[in-house]
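Encoded as structure tokens, the structure appears first; notes follow it.
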Amino acid sequence: MNRKEMLYEGKAKKVYATDDPEILLVDYKDDATAFNGQKKGTIAGKGAINNRVTNFMMRLLEKEGVPTHFVKEISDRETLVKKVSIIPLEVIIRNISAGSFAKHYGVEEGIVFPEPTIEFSYKNDELGDPLINEYHAFALGLASKEEIAEIKRLAFKVNDVMKAYFKSLNVDLVDFKLEFGRLSDGSVVLADEISPDTCRFWDSETHEKLDKDRFRRDLGNVEDAYEEMMKRIFGK
Ligand code: TMP
């Protein structure tokens, strides 16, 4: 499949057209940003790690009955995906308090919830991705009620699968962000990425952070954390 013109460049990925109008090529970058692009940097090797980790998770989720946009990994950093129109919602599931939840509600990080929470942000850089509820999402015309119900069902299913999988690697899945898209037939599929950029991973014993919080919070050993997650998933 030939890579044709670049259609979009995001903070962490570039998206290209291909010979097939229904298939796009995603190219993962080492660039990292935080706080809506205010903090910028590079995490060496991140693009290749996020590509491989995302594709591993998408395959696992497909096996468990979650439809995704994944088609084929074609190189270290490049993957073919089905063309979708992205539903402009960041869907965040939390199992343990951390990050903006701890800040907004004035609680410490590390409280294990009795059951997972879900929240939505409106994906809009100019507005700083504000939190919204599902009524707002419907009022703004971002998604239908049926789509919102399906997104919630799939997001909790993703959590069940991922939580159990990471526990087997001695990693607690603290929280994560998902994005969904519509295929040309209107069906909703999981899209975007699932990686240490978009999840919080804590070692189950030491609670060491093995994700992008090391970059966001200047904790050091950022590359080591990404490589450690790679090692736990794929072995050496
Ligand atoms: P938060 O605690 O900052 O709201 O983040 C919740 C989860 O979402 C965390 O695992 C990191 C992920 N996330 C993204 O993937 N992209 C973003 O832009 C933000 C703010 C968070």
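Structure notes:
- Residues of the stretch 156-200 that are surrounded by fewer than 23 Cβ atoms within 10 Å (Cβ to Cβ) and of a type in the set (S, T, Y): Y165, S168, S184, S187, T198.
- Contact map, the stretch 58-73: residues that are touching a residue at least 24 places away in the same chain (Cβ under 8 Å) paired with residues that are of a type in the set (D, E), Cβ distance under 6 Å, separation 6+ or inter-chain. Pairs shown: T68/E62.
- Residue match in the stretch 95-103 (condition: exposed (fewer than 13 other Cβ atoms within 10 Å of the Cβ) and within 12 Å of the ligand (Cβ to nearest atom)): yes
- Restricted to strands (runs of 3 or more DSSP E) entirely inside the stretch 1-92, those with at least 2 residues that are more than 15 Å from the ligand (Cβ to nearest atom), aliphatic (A, V, I, L, M) and open to solvent by 70 Å² or more (accessible area, probe 1.4 Å) are 3-9.
- Within the stretch 132-155, residues that are among the β-branched types (V, I, T) and surrounded by 13 or more Cβ atoms within 10 Å (Cβ to Cβ) reach partners that are assigned to a loop (DSSP other than H, G, I, E, B) and modelled with pLDDT of 95 or more with beta carbons closer than 8 Å, at six or more positions or on different chains, in the pairs I132/L140; I151/I87; I151/A143.
- Of the residues making up the stretch 104-131, those that are under 22 Å from F215 (Cα atoms), loosely packed, with under 14 Cβ neighbours inside 10 Å and among the acidic types (D, E) are E108, D125.
- Looking only at the stretch 104-123, residues that are in contact (Cβ under 8 Å) with a residue 24 or more places away in the chain, closer than 19 Å to W202 by Cα and within 12 Å of the ligand (Cβ to nearest atom) come to 1 in all.
- Note on the stretch 201-211: residues that are surrounded by fewer than 23 Cβ atoms within 10 Å (Cβ to Cβ) and in contact (Cβ under 8 Å) with a residue 24 or more places away in the chain amount to 5.
- Test: V15 is among the β-branched types (V, I, T), in contact with a strand residue (DSSP E or B) (Cβ under 7 Å, 6 or more places away or on another chain) and closer than 18 Å to F176 by Cα: no
The values are calculated or read from the model by the stated rules, or taken from the named source; none is laboratory data. Please read all numbers here as calculations on a predicted model, not as lab measurements. All Cβ positions, glycine included, derive from the backbone under ideal geometry; neighbour counts span all protein chains shown. Side chains are part of the model used for accessible areas, which takes the heavy atoms of the whole protein and leaves out ligands, DNA and RNA. Shrake-Rupley method; radii C 1.70, N 1.55, O 1.52, S 1.80 Å.
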